[in-house]
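Each remark here refers to the structure printed beneath this line.
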Amino acid sequence: MNRRSVIGASMGRVSILALAGLGSFGVSLGHSAFIGAPHDILHQPLLSGVRHLGIILSPEFMMFTEGQLRPLAYVLLAVVRTLVGPNQALLWHLWLLAWHVGNAVLVMALIRRLGGSDSGAVLGGLLVVVHPVGAQLVNHIGLFY
């Protein structure tokens, strides 16, 4: 196969994953029930911007998270929160969906590399993009402590 057909096939597989992700999470894209609540994680002053990264990466942050320390997730939220307001539900849903589809693409690439099967790689990517844990993360950001 020439390079152009390989790139086209890869883009086709990524498009399948993106459409499956959008189909799975599309019903929640317009809803702000889980993101727009005043008690939601996005309204926490500590996550309001990059100026708080030192605190987020400190040992004292574990008290804030009730022992559920996941500093990289909070760092990502703080960085994006610098650019996107907490009430912009559609942008938050799209960002989380894109992150999830990106992870599915990485799984697909890994399966293809290790197994050599295109169909197995697409199936593995589809399982990642539509699994229930992803639906909870994309649809219900309130799972963050």
Point to revise | Hits in segment 83-97 - residues which are assigned to a helix (DSSP H, G or I) and open to solvent by 60 Å² or more (accessible area, probe 1.4 Å) | key: Leu83, Leu90, Leu91, Leu94, Trp95
Study note, to complete from the structure: By residue number, the members of segment 53-82 that are open to solvent by 70 Å² or more (accessible area, probe 1.4 Å), at pLDDT 75 or above and either in contact with a Ser or Thr (Cβ under 7 Å, 6 or more places away or on another chain) or not in a helix (DSSP H, G or I) (or both) are Leu57, Pro59, Glu60
Point to revise | Out of Val80, Val105, Val84, Val101, sole residue that is closer than 30 Å to Pro45 by Cβ and under 14 Å from the mean Cα position of the chain (by Cα) | key: Val80
Review point. Based on what the data block shows, is Val50 modelled with pLDDT of 80 or more, open to solvent by less than 60 Å² (accessible area, probe 1.4 Å), out of contact with any Asp or Glu (no Cβ under 6 Å at 6 or more places or on another chain) and closer than 27 Å to Ala89 by Cβ?
Key: no
Check your understanding: If we scan segment 15-30, do we find a residue that is open to solvent by 30 Å² or more (accessible area, probe 1.4 Å), modelled with pLDDT under 70, under 23 Å from Val129 (Cβ atoms) and more than 17 Å from the chain's Cα centre (by Cα)?
Key -> no
Review point. With (1) at pLDDT 80 or above; (2) open to solvent by 90 Å² or more (accessible area, probe 1.4 Å); (3) within 25 Å of Leu22 (Cβ to Cβ) as the list, and Pro132 as the residue in question, which single condition is left unmet?
Key: (1)
Point to revise | Leu42 being part of a helix (DSSP H, G or I), at pLDDT 75 or above and either in contact with a helix residue (DSSP H, G or I) (Cβ under 7 Å, 6 or more places away or on another chain) or of a type in the set (S, T, N, Q) (or both) | key: yes
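The values are calculated or read from the model by the stated rules, or taken from the named source; none is laboratory data. It should be emphasised that the depicted structure is a prediction, and the values quoted were computed from it without experimental measurement. Glycine gets a Cβ as well: all are built from the backbone with ideal geometry, and neighbour counts include every protein chain shown. Areas reflect the complete protein model, heavy atoms only, side chains present, ligands, DNA and RNA absent. Shrake-Rupley method; radii C 1.70, N 1.55, O 1.52, S 1.80 Å.
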